[in-house]
Amino acid sequence: MLDVVWFKRDLRVADHAALAAARAPVLPLYIVEPEYWRGDDASPRQWHFLRAALEDLRAQLAALGLPLVVRRGDAVALLARLHAERGIRALHSHEETGNLWTYGRDRAVARFCREAGLPWHEHPQFGVVRRLGSRDGWARRWAGFMGTPVQAPPRGLSAPEVIEGAIPEQPFDWNPEDGLVEAQPAGRAAALDLLESFLAGRGADYRRGMSSPVSAPTACSRLSPHLALGSLSMREVVQRVERAGRDIAALPPSQRPLPVGAVQSLASRLHWHCHFIQKLESEPELERRAAHPAAEAARRPTAPDDPLLLAWAEGRTGYPFLDACMRSLIATGWINFRMRAMLMSFASHHLGLDWAASGAHLARLFVDYEPGIHWPQVQMQSGATGINTPRLYNPVKQGLDQDPEAVFIARWVPEVAHLPAGLRHMPWRLEIPPAAYPAPVVELSAALQAARERISRIRAAAGFEAEARRVFQKHGSRQRRFAQDDPMGERARIARREEKARRQMTLDV
Ligand SMILES: Cc1cc2nc3c(=O)[nH]c(=O)nc-3n(C[C@H](O)[C@H](O)[C@H](O)COP(=O)(O)OP(=O)(O)OC[C@H]3O[C@@H](n4cnc5c(N)ncnc54)[C@H](O)[C@@H]3O)c2cc1C
């Protein structure tokens, strides 16, 4: 008999509750599941990053004298075979908030464990609460979890004699060249380096630099793919950031490696991480269904070969800054928050595309794909939640604000690089625009008008406000300090935001 530690998106040995709870002999297992990788939100670039993180986990386990057993196939079938051959005393894993596919797989594993009479211990790794009754008091519970001690890697565990198995080159037959992007390095040492370099001063310009795709790649922490795969635990990151915040605040301002505000901003985002994942944990169907019923009723499916979807997805909408963001994301697997929001908002509002199609495309492009952040953000930027003021980002205004010299455009849209900076933002203003670059696929003011009318129709639906209150009760943040959700009734704040959004909507281009 043995304990199985099933690694999923928790690829580390430090602060690993499942490993710490297991009793010897213990078999650390990773299952490569081809069916997961056939999903329309999974992609080769995510696999390449994961593969490198698995190699790293294997080395971490080896330092503890343990193997990483890797098998490919269906989780229930593999666990059943292992149980029949060796006898599983207990199965340990983290509590995963994944996509609908992993949710279904976990239900099947739970059924198997129940029928086989074997206990499956799922250990929380985020401040996300399973079977949460009410959002009231959630932030307190989050802080409570993050404040508990970080667990050291367990010593003295032994493993049975077993063939480890190679980590496959690919989960099923796809072109191995696919998905080779200039992504950041995977693994725990790389993740720790990022955290420490940010706190040692790289994050000094975080608050200002996070908005522009020119400065964000170095100004932001870049922890996202590591948090998505668990190379670091959220608790160790939160504790390290809070400690750094206290230490930095104790220094005279002239000696601070970065402003206290930068550390606080990072800390807020670590909180948002779990706040968003909680939404999908509480309502997994948000991957497919709009949070607000009126937004769901207004949806029209987008065909995979829709010309507007293809133009947006390939970075040839005719809006150079938007296309530059998409092309940079295609090449690197990462882009900053503001540009993610702009890409999504443009697809849903200006192009009128269904968020499921454009959201899946972005998911595949993100090396840091985290379903629990992704789908609620996709809905939020598409006006599908009913509790967030829809933001209609003007891609020209964003370009002028975030890339005033048009250097980012010149790098990613070479078709317009020879033009003076001002015209790189708006090549259609030339008498003879560059032949190699498309004309805008939609006219901005007409597209905005149509988007505003769609939003108004949704908001005028019978019972809209009552449903919005229900959505807020279930998912809304109760903490103003961290809030990205607008409780209905906070009129002044909503009005201020709407005024700002209106200004973004109405820039005369
Ligand atoms: C449409 C859309 C889709 C997104 N999809 C993902 C996704 O699949 N995976 C993902 O990790 N993030 C996603 N985000 C949130 C955000 O853009 C990224 O977390 C961030 O850009 C990652 O870079 P970073 O690690 O340098 O972030 P930092 O700014 O350094 O923040 C540190 C960490 O805080 C968390 N965080 C930061 N911003 C947010 C936010 N707005 N909401 C929730 N958590 C946040 C992330 O875990 C991030 O790694 C999405 C945002 C939008 C608008």
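The values are calculated or read from the model by the stated rules, or taken from the named source; none is laboratory data. For clarity, every value in this text was computed on a predicted model and none was experimentally measured. Backbone-built Cβ (ideal geometry, glycine too); neighbour counts: all protein chains shown.
Whether any residue in the range 34-41 is hydrophobic (A, V, I, L, M, F, W, C), at pLDDT 95 or above and in contact with an Asp or Glu (Cβ under 9 Å, 6 or more places away or on another chain) is what I want to check.
No, the range 34-41 contains no residue that is hydrophobic (A, V, I, L, M, F, W, C), at pLDDT 95 or above and in contact with an Asp or Glu (Cβ under 9 Å, 6 or more places away or on another chain).
Got at least one residue in the range 323-336 being more than 14 Å from the ligand (Cβ to nearest atom), over 16 Å from the mean Cα position of the chain (by Cα) and free of Cβ contacts under 8 Å to residues at least 12 places away in the same chain? No; the residues of the range 323-336 include none that is more than 14 Å from the ligand (Cβ to nearest atom), over 16 Å from the mean Cα position of the chain (by Cα) and free of Cβ contacts under 8 Å to residues at least 12 places away in the same chain. Do we have D354 as charged (D, E, K, R), within 16 Å of the ligand (Cβ to nearest atom) and out of contact with any Phe, Trp or Tyr (no Cβ under 7 Å at 6 or more places or on another chain) here? Criteria met by D354. Just one residue in the set G165, G156, G147, G133 is farther than 30 Å from A406 by Cβ, small (G, A, S) and surrounded by 15 or more Cβ atoms within 10 Å (Cβ to Cβ); that residue is G165. Can you confirm whether the range 168-184 contains a residue that is polar (S, T, N, Q), surrounded by 18 or more Cβ atoms within 10 Å (Cβ to Cβ), within 16 Å of the ligand (Cβ to nearest atom) and not in a loop (DSSP other than H, G, I, E, B)? No, the conditions are met nowhere in the range 168-184. Looking only at the range 371-388, decide whether some residue is more than 13 Å from the ligand (Cβ to nearest atom) and either crowded, with 22+ Cβ neighbours inside 10 Å or aliphatic (A, V, I, L, M) (or both). There is at least one residue in the range 371-388 that is more than 13 Å from the ligand (Cβ to nearest atom) and either crowded, with 22+ Cβ neighbours inside 10 Å or aliphatic (A, V, I, L, M) (or both). Residue count for the range 225-248 satisfying the condition of being surrounded by 21 or more Cβ atoms within 10 Å (Cβ to Cβ), assigned to a helix (DSSP H, G or I) and not hydrophobic (A, V, I, L, M, F, W, C): 3.
Taking the range 4-104 and the strands (runs of 3 or more DSSP E) fully enclosed by it, the elements with 1 or more residues that are among the hydroxyl-bearing types (S, T, Y) and in contact with a Leu (Cβ under 9 Å, 6 or more places away or on another chain) are at 26-32. Each residue in the range 227-247 was checked for being more than 17 Å from A191 (Cα to Cα) and touching a residue at least 24 places away in the same chain (Cβ under 8 Å), and 1 pass. Any residue that is away from the ligand (no atom under 16 Å from the Cβ), acidic (D, E) and under 28 Å from K397 (Cα atoms) - is there at least one of those in the range 274-290? Within the range 274-290 (the criterion being away from the ligand (no atom under 16 Å from the Cβ), acidic (D, E) and under 28 Å from K397 (Cα atoms)), the answer is no, since none of the residues qualifies.
For the range 371-390: of the residues being at negative phi, more than 19 Å from the chain's Cα centre (by Cα) and not hydroxyl-bearing (S, T, Y), which is modelled with the highest pLDDT? Across the range 371-390, the extreme among qualifying residues is I387.
Taking the stated definitions as given, is S265 part of a helix (DSSP H, G or I), modelled with pLDDT of 95 or more and under 24 Å from G333 (Cβ atoms)?
When the stated conditions are applied, S265 passes them.
Going through the range 212-224 one residue at a time, which ones are assigned to a helix (DSSP H, G or I) and either more than 8 Å from the ligand (Cβ to nearest atom) or outside the structural domain of A262 (by TED's automatic domain parsing) (or both)? Those that are assigned to a helix (DSSP H, G or I) and either more than 8 Å from the ligand (Cβ to nearest atom) or outside the structural domain of A262 (by TED's automatic domain parsing) (or both): P217, T218, A219. Mind checking whether some residue in the range 195-211 is over 14 Å from A262 (Cα atoms), crowded, with 19+ Cβ neighbours inside 10 Å and more than 10 Å from the ligand (Cβ to nearest atom)? Looking through the range 195-211, none of the residues is over 14 Å from A262 (Cα atoms), crowded, with 19+ Cβ neighbours inside 10 Å and more than 10 Å from the ligand (Cβ to nearest atom).
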